[in-house]
Amino acid sequence: MTDNFVSSRYRVEGIRDSNDVTAALQELYDVFADLGLGQAMIEMTGNRTADLIVKHKESVSPDVAAIAAALQRAGHFLLV
């Protein structure tokens, strides 16, 4: 049985520009390595929230609390 990659999507408040995206992704990088997650991408939506897309193996559940804490450290960004 293969372990396919899937995506989980979260909404994040407070990310307004490319500097915020960079700060958030840098903070998430180490957390993702520790959690066994793949990569992250942030899409600006033009609304009050941005979309955080997390790639991970189907057998790995993202630790939402750890992701939220990393976003807070990066710039007081908030998962909603």
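The values are calculated or read from the model by the stated rules, or taken from the named source; none is laboratory data. Being a predicted model, the structure only gives us computed values, none of them experimental. Note: ideal-geometry Cβ built from the backbone for every residue, glycine included; neighbour counts use all protein chains shown.
Which residues, counting only those in the stretch 46-80, are within 10 Å of the chain's Cα centre (by Cα) and touching a residue at least 40 places away in the same chain (Cβ under 8 Å)?
51, 52, 53, 54, 55, 62, 64, 67, 70, 71, 79
Kindly indicate whether any position in the stretch 24-43 is polar (S, T, N, Q), assigned to a strand (DSSP E or B) and at pLDDT 90 or above.
Kept after step one, since they are polar (S, T, N, Q), are these residues of the stretch 24-43: 26, 39.
Then keep just the ones that are assigned to a strand (DSSP E or B); that gives none.
For the stretch 24-43, residues polar (S, T, N, Q), assigned to a strand (DSSP E or B) and at pLDDT 90 or above: absent.
Considering each residue of the stretch 1-35, count those that are in contact with a strand residue (DSSP E or B) (Cβ under 9 Å, 6 or more places away or on another chain), within 14 Å of residue 60 (Cβ to Cβ) and surrounded by fewer than 13 Cβ atoms within 10 Å (Cβ to Cβ), and give that number.
Counting residues in the stretch 1-35 that are in contact with a strand residue (DSSP E or B) (Cβ under 9 Å, 6 or more places away or on another chain), within 14 Å of residue 60 (Cβ to Cβ) and surrounded by fewer than 13 Cβ atoms within 10 Å (Cβ to Cβ) gives 4.
Taking into account only those residues within the stretch 36-62 that are among the charged types (D, E, K, R) and closer than 19 Å to residue 3 by Cα, which is surrounded by the fewest Cβ atoms within 10 Å (Cβ to Cβ)?
The qualifying residue surrounded by the fewest Cβ atoms within 10 Å (Cβ to Cβ) is 58.
Looking at the stretch 52-73, which of its residues are more than 11 Å from residue 8 (Cβ to Cβ) and either in contact with a Cys (Cβ under 9 Å, 6 or more places away or on another chain) or not in a loop (DSSP other than H, G, I, E, B) (or both)?
Across the stretch 52-73, the qualifying residues are 57, 65, 66, 68, 69, 70, 71, 72, 73.
I'd like to verify a number: residues in the stretch 1-45 that are of a type in the set (Val, Ile, Thr) and touching a residue at least 24 places away in the same chain (Cβ under 8 Å), how many?
Count: 6.
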